[in-house]
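Asker: One structure is given below, represented as structure tokens, and several questions about it will come after.
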Amino acid sequence: MDFIEIDGIKIQTEKKRIKNFNLKVSGPYGEVKLTYPYRIKKEECYDFIQSKLTWIKKQQNKYKNVKIPKPLAYETGEKLSFLGEKMNLNVELSSKRFIEIYNNQINLGVLKSDTKKEREELLYSFYRIKLYDILFPLVNKWEPIMQVKVNETRIKNMKTLWGSCNIQAHRIWLNLQLVKYDFKCIEYVVVHEMVHLLERLHSPRFYRLMDEFLPDWRTRQKLLNQKKI
């Protein structure tokens, strides 16, 4: 990855095995990313970005008044998102760490010496387990329907992607943050990544397959991208 700066705008650039330029402006800060084919020279990237400056600024303006949530301190009274629901966080000092959900409340048992980072790691280890509990059955459900085989499913925190697919290894990655969204959003991402095992690119065939397997995928995609967590 590399960066280009034009007219005060910093653009992240990355070469990929694609046919055309792909320019994105994403939240929460209006970050700009350009992916481009290997055959394209850096000078051509500058020219392309220059031609899109008005569009980039217009997109970035959408994020100017967006309120960025305060970072969590992982203390009692805060709100946490889990599977599409807003839940109250209750932190208890305990002789051992634990986490449980009861009556729309997440109870977090922590040691007196635990730091904010350790509290976060406890919560995220719980999130990871719960997301795997959803991910594995979904893959098992969709493999025979699509007639594909997923060799490995993994979860990690990702900043810009909801999921990814390593086609050669038949490996699916899911963004850990998806555990904050409801089941329909999670299933949409799983299906999206598994369709890449049938069609590598976001081609007309890819979208035809999405329509075939998950007819309401556009609604789910919109819900995922618009919902504020």
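The values are calculated or read from the model by the stated rules, or taken from the named source; none is laboratory data. Everything quoted here is computed from the prediction, not taken from an experiment. We place every Cβ from the backbone using ideal geometry, glycine too, and count neighbours over all the protein chains shown. All accessible areas refer to the heavy atoms of the entire protein, side chains included, with ligands and DNA or RNA removed. Shrake-Rupley method; radii C 1.70, N 1.55, O 1.52, S 1.80 Å.
Asker: Please state, as a whole number in µm²/s, the translational diffusion coefficient that the Stokes-Einstein equation yields for the range 27-177 at 20 °C and 1.002 mPa s, with Rh defined as the Kirkwood radius across alpha carbon pairs.
Answerer: 111
Asker: Taking the Cβ of Arg171 as the centre, find all other residues whose Cβ is under 9 Å away and add up their charges (Lys, Arg: +1; Asp, Glu: -1).
Answerer: Net of charged neighbours comes to 0.
Asker: Sticking with the crude label model, points 7 Å out along Cα→Cβ, report the distance from Arg218 to Glu78 in nm, one decimal please.
Answerer: 3.9
Asker: Right, here's the next one. Multiplying the sequence separation of Arg200 and Ile4 by 0.36 nm and subtracting their Cα-Cα distance, what value in nm do you get?
Answerer: 67.8 nm is the gain from fully extending Arg200 to Ile4.
Asker: Say we join alpha carbon atoms closer than 10 Å with springs in a Gaussian network model of the chain; which of Arg128, Arg97, Arg200 then has the biggest fluctuation?
Answerer: Arg97
Asker: Per 0.36 nm of contour for each residue apart, how much would the distance between Lys41 and Lys57 grow if the chain were fully extended, relative to their Cα-Cα spacing?
Answerer: 3.4 nm
Asker: Under 10 Å, Cα contacts only: if you run a Gaussian network model on the chain, which one of Val139, Val179, Val32 comes out with the highest mean-square fluctuation?
Answerer: Val32
Asker: Please find the FRET efficiency linking Gln12 to Arg208, where r is the Cβ-Cβ separation and R0 is fixed at 30 Å, and quote it to the nearest 0.05.
Answerer: 0.45
Asker: Using a 1.4 Å probe on the protein heavy atoms, what percent of the accessible area of the chain belongs to carbon and sulfur?
Answerer: Of all accessible area on the chain, carbon and sulfur atoms account for 50 percent.
Asker: Using only the Cα atoms, what convex hull volume per residue in Å³ does the range 1-41 have?
Answerer: Output value, Cα hull per residue: 72 Å³.
Asker: Any idea of the accessible area per residue across the chain, 1.4 Å probe, to the nearest Å²?
Answerer: Accessible area per residue, the chain: 61 Å².
Asker: Now for a separate question. Between Lys159 and Lys112, what FRET efficiency follows from the Cβ-Cβ distance if R0 is 30 Å, with the result rounded to 0.05?
Answerer: With a Förster radius of 30 Å, E is 0.35.
Asker: Once label points are set 7 Å from the Cα along Cα→Cβ at both Asn104 and Ala169, what is their separation, rounded to one decimal in nm?
Answerer: Taking the simple label geometry, Asn104 and Ala169 are separated by 4.1 nm.
Asker: Figure the gain on full extension for Tyr124 and Asn140 (residue separation times 0.36 nm, minus the Cα-Cα span) and round it to one decimal in nm.
Answerer: Result for the pair: 3.3 nm of gain on full extension.
Asker: Which of the pairs Lys15/Lys79; Lys10/Lys141; Lys16/Lys52 have their Cα atoms more than 31 Å apart in this structure?
Answerer: Violating the 31 Å limit, Cα to Cα: Lys15/Lys79; Lys10/Lys141.
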